[in-house]
Every structure is written in structure tokens, then in C-alpha cells.
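Some notes on the structure that comes next.
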Amino acid sequence: MSGRPVADAYKEKIKEKVEAAQKAGKKVTLAVLTVGQDPASFVYRKRLLKMTESLGIESRCVELPEAASTAEVIAAVGELNEDTDVTGILPMMPMPKQVDGEAVGTALAQEKDMDCLNPVNGGALLMGQGRWAACTPRACMAILKFYNIPLDGKHAVVLGRSNVVGKPVALLLLQENCTVTVCHSHTNNLPDILRQADIIVAAVGKAGFVTPDMVKPGAVIVDVGINVTENGIVGDVARSATEKASAFTPVPGGVGVVSNVMMMDAVVRDL
Ligand code: NAP
């Protein structure tokens, strides 16, 4: 399940929405807020800005110094909330340690929150409104949908329970009538549980964590992991394990590719 065709299909729809909004005289702008000089944030920002440009979305970079306080960051968010030219806001996480990242997320206007950092949007997701979910879990679902993977009644096992991937993807799968099991570092008999899965979503952050003995023949695997190793970037699922699957997302070229497009999709969410 390559991510590229999924991303391309979304890009077409996004471009149409952007063009229609611009024709109606509306600005479509993604604001990216960075605090300090975290290199990974700048790499991610560069990738996002390239994509905004290719889709006709305007971008605005707001940079605050490394020593900025929580109050200063929240004030910057407040200005962007009020700015009617700004459609979406992405504060880059993690922020320097003196900044309360959760408070920054909470300060985001609900409709401008691009990656579900505001607990109000987390609550909306819990109540079944998947449109507010973060980009990566929505990317997992977009891939499963694009490749017509049956979900209703299937046993989905999610490996990982982070707020940004594991928990929200579990809720989105539940919304699609999967029976969902969430595994984490305290789970007993994890291989036994994984072997029962019709669908595995691996978001554990450990290279090759899922081995062939943990995969039921014919299972569908969504590999969210991005692990930098001597052999390049690899996922959480060993290559030998994907051979037992009926369908799987490659790493790289799977979830990551769609995830970035989902950020653009969030920008045009209400257009
Ligand atoms: P995270 O916050 O570190 O969460 C990892 C989860 O895995 C935790 O819930 C942890 O359990 C669990 N875990 C760790 N070791 C385990 C073990 N031995 N057995 C079972 N569970 C274990 O990571 P994340 O932010 O969710 O990201 C997960 C992976 O996805 C990373 O490789 C990350 O780079 C990647 N990622 C990719 C994208 C994309 O666009 N493709 C986006 C975001 C993240 P506990 O909760 O018990 O600690």
C-alpha cells in the first residue's frame, strides 16, 4: 500500500478547494510557529512549505527565540488565532523545556488547530468526530480506505498508545467498527495478541519490532514507525514479517508521505 497514489488523490482535491477559495477572495494560509532552533523542526517545516507552495497554499513562518516563555508563545498563538488571513496554525513540538507545550496546544483556536493539539479537538475525536484527529492517524485511515481494506468487524491491534498516533488511530478504527486492542510497553503476551490481528498498526518507534512469528498470515499491516538505522530509514515491522501480510505500507513511502498531505488537508478542512 504505497502512500504516493493516496497522497496524489488528496492533493488533487486540496488544490481544487484552494483554487475555489481564492476565487472567492479568501486567503488560505498555513502558519508554522517555531520556538528555538530544533533542526528536526526546521527540516519538517521546509518539507511542509514546499508542499504548501505546490498546492497554492500561502505560508507564514513565525519564529520565536529559544528563551521564549510560555506566555510569549501563547501570545503569538493568540495573534494568529485573531488573524483572519491565517487558516491553520502548526506550533512545532517539542518546544524548549521552559515552554508548556500543552498550554500552547490549548491556546489554539479549535478550527485552526492543524494537528489536534487542543484537548477540545481531542475530545471531539473521542466523541466520534474523526475530522479533528491529528495528521498521522488520519493518514493511516486514508491509506486503508484508499486500498479498500475491509474494516467492519475486523480485529485491529494498535501497537503504541501515544497521544499523537496510537490513541487517536485506535479511536478512528473503533469509529469504523473494528474491534480494537491497544498494546504498549506494559502489555503481557504481546506476540499472542498481535497474532490475533486482522489489521496491525505499528507505532512503537523500534526498528523491526514486529517479527514474522507475531503476524497472522494474510493480516494487513500499517507501519507508522520511522527509525533511522545504519541501513537507512526502516519501520517498526521487519521486512520478513511484511511477507506474511496480504497488504502492508512500506517504509519509507507509506504513512509518512500521506501524513504530510493530511496537514494540507487539515488546512482546507473548513473551506
Ligand atoms: P512514542 O510517543 O515514543 O510512543 C511509542 C509507544 O510505543 C508507547 O505507547 C510505548 O508504550 C510503546 N512501546 C515502546 N516500547 C514498547 C515495547 N517494547 N512493547 C510494546 N510497546 C512499546 O512514539 P510515537 O510518537 O507514537 O511514534 C511512534 C513511531 O511512529 C516512531 O517511530 C515515530 O518516528 C513514528 N511517527 C511517524 C509519523 C509519520 O508520519 N509516519 C508520525 C509520527 C510518528 P508506553 O506508552 O507504555 O511507553
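For this structure, a couple of remarks:
- Rg then Dmax, both in Å and based on the Cα atoms of segment 167-271: 14.5, 46.
- Of the trypsin sites (Lys or Arg not before Pro) in segment 47-98, the ones in a loop by DSSP (not H, G, I, E or B) with at most 15 other beta carbons within 10 Å are K97.
- The angle between the Cα long axis of helix 3-23 and the main principal axis of the chain comes to about 20°, on a 0 to 90 degree scale.
- J(HN,Hα) series, segment 28-34, from Karplus relation 6.51 cos²θ - 1.76 cosθ + 1.60, nearest Hz, glycine and proline x: 10, 9, 9, 9, 10, 10, 10
- Counting charges near V220 (Lys, Arg +1; Asp, Glu -1) among other residues having Cβ under 9 Å from its Cβ returns a value of 0.
- Hits among lysines - C-alpha to C-alpha of K244 under 23 Å, sequence gap 8 or more where chains match: K145, K154, K206, K216
- Under 9 Å, Cβ to Cβ, from A156 - net charge with Lys/Arg +1 and Asp/Glu -1: -1
- Assigned charges on the beta-carbon of Lys, Arg, Asp, Glu; segment 135-256 dipole about Cα centre (debye): 160 debye
- Between I233 and S69, residue separation times 0.36 nm minus the direct Cα-Cα distance comes to 55.6 nm.
- Vicinal HN-Hα couplings computed from phi for segment 49-64 (Karplus, 6.51 cos²θ - 1.76 cosθ + 1.60; Hz; Gly/Pro x): 5, 4, 6, 4, 4, 5, 9, x, 8, 7, 10, 9, 9, 10, 10, 10
- A DSSP coil position with no more than 13 other Cβ atoms inside 10 Å describes the following GluC sites (Glu not before Pro) in segment 1-106: E66.
- V237 long-range amide H proximity, modeled H, under 5 Å: G208, F209, V210
- One chain, two ends: K15 and M127. Fully extended at 0.36 nm per residue, the span grows by 37.3 nm beyond their Cα-Cα distance.
- Cβ charges +1 (Lys, Arg) and -1 (Asp, Glu), total dipole of the chain, debye: 680 debye
- For M1, net neighbour charge (Lys/Arg +1, Asp/Glu -1) across residues whose Cβ lies under 12 Å away: +1
- Within a straight-line Cα-Cα reach of under 16 Å, K15 can be paired with the following lysines, leaving aside sequence neighbours fewer than 8 residues apart in one chain: K23, K26, K27, K50.
- Kirkwood hydrodynamic radius of the chain, from inverse mean 1/r over distinct Cα pairs, in Å: 19.3 Å
Coordinate-derived values only; no laboratory data. Keep in mind the model is a prediction, meaning the values are calculated, not measured. Positions of Cβ are backbone-derived with ideal geometry, glycine not excepted, and every protein chain shown enters the neighbour counts.
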